[in-house]
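Quick notes on the structure that follows.
Laboratory data are not the source of any read-out in this text; all were calculated from the coordinates shown. Since this is a predicted model, take the numbers as computed values, not measurements. Backbone-built Cβ (ideal geometry, glycine too); neighbour counts: all protein chains shown.
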Amino acid sequence: MPQSNMNQDNFPSTPGKVKMERSNYFGRVVNRWHGSSSARLFGFSVGLFMLTAFVFLMRLNTSGEWNFGDGFVGPVQAKWGDLVWQRRVRQSCHAKRDDGLVVLVTGAAGFVGSHVSLALKARGDGLVGLDNFNNYYDPSLKRARQALLEKQGVFVIEGDINDAALLKKLFELITFTHVMHLAAQAGVRYALENPGSYVHSNIAGLVTLLEACVKADPQPAVVWASSSSVYGLNTHVPFSESDRTDQPASLYAATKKAGEEFAHTYNHIHGLSITGLRFFTVYGPWGRPDMAYFSFTRDILRGKPITIYQGANRVDLARDFTYIDDIVKGCVASLDTAEKSTGSGGKKRGKAQFRIFNLGNTAPVTVPNLVAILEKHLKLKAKKDLVKMPRNGDVPFTHANVTLARRELGYDPTTDLATGLKKFVKWYQNYYGVSGSRRTM
Ligand SMILES: O=C(O)[C@H]1O[C@H](OP(=O)(O)OP(=O)(O)OC[C@H]2O[C@@H](n3ccc(=O)[nH]c3=O)[C@H](O)[C@@H]2O)[C@H](O)[C@@H](O)[C@@H]1O
């Protein structure tokens with residue numbers, strides 16, 4: 001992995017894979033002109049002009065904070081807080097059914113976030129989304145999901161969970177009954193390249209969000225995405241919630257495990273009702289391009305070789321791949337069964353609910369079998385490179401025991417991998433406009 005990426009540029013106020021070169025460019029221009037008096041005069045005039053333009057573009061919002069005006073697309077897109085924005089938030093949060101939930105969905109333009117948002121909206125709940133649209137993977141896919149949500153009346157705010165002022169404003173404006181927290185820096189192997197992004201979103205962001213929830217009155221109940229990766233080197237199969245989770249195999253897993261500990265602390269001290277969901281390798285339409293099933297599909301269609309990792313002694317790796325619709329049902333059931341938080345005005349009034357559930361499919365499939373299913377659906381043969389699994393944070397297999405979720409949430413996964421991948425391939429071909437034949441690429 002390129003260690004050079006681990007510098008301040010990659011540290012996150014803009015987490016993501018694509019580095020901004022803009023500041024370097026301006027740096028070079030300033031250096032060349034530095035020293036001459038005409039350059040200084042020129043620099044002063046440019047500075048004055050930019051300051052005037054800046055003041056023109058900014059305006060004081062209703063809460064007294066400076067923001068960029070509507071339509072300004074700059075590096076800091078903080079155009080929240082004005083009256084139009086407030087109206088959009090209120091409209092989006094209006095529940096259309098009696099006793100409908102009012103939910104803040106973080107990561108709403110993400111894979112799971114967009115699906116959960118649509119499901120909530122469809123049954124008449126009120127919700128507003130929040131997403132920072134970072135470029136960890138193609139942001140145009142996130143924009144397409146956003147467009148889909150907007151069509152259904154779900155407003156997705158562009159903002160970061162680390163923005164405490166934005167969260168404060170949102171919680172002042174809306175009495176959220178629930179927070180569905182799905183914003184995160186995902187991906188196991190990318191943590192080697194950009195650990196700061198994981199700390200930014202999965203630790204600092206989580207704490208900022210929980211702080212905002214604690215200060216809200218009434219406090220919402222929180223449901224959030226942990227990960228099957230917390231089981232790390234656990235060998236007890238299938239993985240149960242009571243199994244060891246103190247041996248993470250990746251920094252990503254460590255941040256999710258840390259998140260579970262933070263959640264417990266906030267529950268214990270402040271009376272926040274919190275449910276953590278350990279998702280097992282979620283896949284499906286509108287999925288994440290960084291995940292194996294997605295990148296394999298793309299590469300098979302392009303005739304490019306795919307890399308299949310193998311464990312020690314050439315053992316195949318396996319995952320408890322879980323279809324998105326099953327995960328959505330688990331998320332919605334968690335919201336529906338969440339008890340109210342017990343804190344208010346900085347005081348905890350009683351013990352609050354604290355839960356952790358596995359949401360998996362309970363039927364692990366090896367990676368070569370995943371590829372075989374894709375080959376069948378795509379009607380193409382993959383070019384396979386079998387490679388010994390590098391030490392990159394991967395675990396050899398995952399397998400969920402969902403007894404607890406079945407009992408408490410009525411969770412019952414019903415989609416096997418072949419059926420789910422068929423739906424994914426259909427979506428992929430439709431979305432990217434490919435017929436499945438390599439000749440048409
Ligand atoms: O269950 C989870 O909690 C995690 O599931 C996935 O992580 P992972 O299971 O590693 O999913 P993929 O990246 O799609 O990898 C699936 C399997 O394919 C293998 N793989 C991946 C990429 C590749 O090029 N070749 C390859 O053989 C991996 O080693 C792994 O065994 C998600 O990416 C994580 O964000 C999530 O938290």
Checklist entry - How many angstrom separate the Cα center of region 210-230 from the Cα center of region 288-333? => result 28
Checklist outcome for this item: Projecting the Cα atoms of SER344, VAL315, VAL332 onto the charge dipole of region 303-370, where Lys and Arg contribute +1 and Asp and Glu -1 at Cβ, the residue farthest towards the positive end is SER344
Item to check | Length released on extending from ASP299 to ASN369, taking residue separation times 0.36 nm less the Cα-Cα span | outcome: 23.5 nm
Next on the checklist: What does the extension gain come out to for ARG407 and THR307, with contour length at 0.36 nm per residue minus their alpha carbon separation?
Outcome noted: 32.1 nm
Checklist outcome for this item: In whole angstrom, the spacing between the Cα centers of region 94-161 and region 408-424 equals 22
Next on the checklist: Could you tell me which residue out of TRP427, LEU404, LEU417 lies farthest along the dipole of region 383-427 toward its positive end? Charges go on the beta carbon: Lys and Arg +1, Asp and Glu -1, centred on the Cα centre.
Outcome noted: TRP427
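Applying a 10 Å radius around every beta-carbon, put 391-403, 200-212 in order of their mean neighbour count, most first.
Values: 391-403: 19.4, 200-212: 21.5.
Packing order, densest peptide first, comes out as 200-212, 391-403.
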Checklist entry - About its Cα centre, how strong a charge dipole does region 146-269 have in debye, to the nearest 20, once Lys and Arg get +1 and Asp and Glu get -1 at the Cβ? => result 100
Item to check | Proximal aspartates and glutamates to LYS169, defined as alpha-carbon separation beneath 15 angstrom and excluding residues fewer than eight positions away on the same chain | outcome: GLU65, ASP82, GLU158, ASP160, GLU211, ASP217
